[in-house]
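The values are calculated or read from the model by the stated rules, or taken from the named source; none is laboratory data. Remember, predicted model here, so these are calculated numbers, not experimental data. Quick reminder, even Gly has a Cβ in these numbers, built from the backbone with ideal geometry, and neighbours come from all protein chains shown. Side chains included, ligands, DNA and RNA excluded: accessible areas come from the protein's heavy atoms. Shrake-Rupley method; radii C 1.70, N 1.55, O 1.52, S 1.80 Å.
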Amino acid sequence: MASPEAPDSVVQFALDKLGGLDYLVLNHIGGAPAGTRARSAQATRWLMQVNFLSYVQLTSRALPSLTDSKGSLVVVSSLLGRVPASFSTPYSAAKFALDGFFGSLRRELDVQDVNVAITMCVLGLRDRASAAEAVRGVTRVKAAPGPKAALAVIRGGATRAAGVFYPWRFHLLCLLRRWLPRPRAWFIRQELNVTAAAAA
């Protein structure tokens, strides 16, 4: 999805092979190593293409078919798209953009009486080797089991839920962001190894 042409060809391939779409699950990621070096304009531009703009392109291309089928969009995002954290600047920016875009799109579809569900999935660190490597030494957060996160995403999409939080405690953290910003900042700092992150 790093190429601007890739999203259109992916959806067209699915439409040609399947004749239409009932579900579109947006779950691809371009990661950057945690740390201060990841803040360059070039790294941010690349992450925005992979983690945001390609989602928008896929959605725009698939929306007519999903409208016909009264289908569902399942958007896999991250806790860092709801709660900013240190040393994740470009990644967090792309994930915040997902929340804004799909939150607005949900409202637009609602006022137009378009029956397409949008499920936003807010996930934490999963136990994938690539994710663990990217944050090695930077965070003390324990990775959640990938299969359980996948099951939460599937269940949320199948039930047309507006939101999925996995692990569930992240819903509380997102609420704290609005209600109590200072304790939230303290909580995040406890999970971060600042010395290791600053050295990256």
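In what sequence, highest mean first, do 41-54, 95-108, 78-91 appear when ranked by Cβ atoms within 10 angstrom?
Descending packing order for the listed peptides: 78-91, 41-54, 95-108.
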Open item on the list: Given the whole protein assembly as supplied and a 1.4 Å probe, what does the accessible area of Leu151 come to in Å², nearest 10?
Closed with: 90 Å²
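If the chain between Asp8 and Tyr23 were fully stretched, how many nm would it gain, using 0.36 nm times the residue separation less the Cα-Cα distance?
3.8 nm
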